[in-house]
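So the structure is just underneath, and the comments pick up after that.
The values are calculated or read from the model by the stated rules, or taken from the named source; none is laboratory data. Note that this is a predicted model, so its numbers are computed, not measured. So basically every Cβ, Gly included, is an ideal-geometry build from the backbone, and we count neighbours across all protein chains shown. What goes into the accessible areas is simple: the full protein's heavy atoms, side chains included, and nothing from ligands, DNA or RNA. Shrake-Rupley method; radii C 1.70, N 1.55, O 1.52, S 1.80 Å.
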Amino acid sequence: MAKPLVSVVKVENDEIIATKKAVNLLGGMGNSSRRDRKVFVKPNLLGGGAPESGVSTNPTVTVTVINALKELTDDITIIDSN
């Protein structure tokens, strides 16, 4: 079983730059997703509170990840639960 990969990046001013940096620290999107494969994104959309509260994933982070995945596949599904 592969070990989980985690990267932590402090957001200075720009969530997009921080998200891209975090993905790059993991080796880029190409290492975690095979081209033209189905990809599921679970952004942890709990609602209730501003993105800065940390209750839910910042929507800018979710969009940045999805845009990066679009370079690899068109088969992206966003999933979550309430």
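Within the stretch 72-82, which residues are surrounded by 12 or more Cβ atoms within 10 Å (Cβ to Cβ) and assigned to a loop (DSSP other than H, G, I, E, B)? I'd like the intermediate steps shown before the answer.
Going residue by residue through the stretch 72-82, those that are surrounded by 12 or more Cβ atoms within 10 Å (Cβ to Cβ) are 72-73, 76, 78, 80.
Scanning the stretch 72-82 gives 72, 73, 80.
Given 45, 69, which one is surrounded by 12 or more Cβ atoms within 10 Å (Cβ to Cβ) and under 19 Å from residue 7 (Cα atoms)? Steps first, please.
Numbers: 45 fails: under 19 Å from residue 7 (Cα atoms).
Being surrounded by 12 or more Cβ atoms within 10 Å (Cβ to Cβ) and under 19 Å from residue 7 (Cα atoms) holds for just one of 45, 69, which is 69.
Scan the stretch 1-29 residue by residue and report those that are touching a helix residue (DSSP H, G or I) at 6+ places or on another chain (Cβ under 7 Å), open to solvent by less than 70 Å² (accessible area, probe 1.4 Å) and part of a loop (DSSP other than H, G, I, E, B).
Residues satisfying the conditions are 7, 9.
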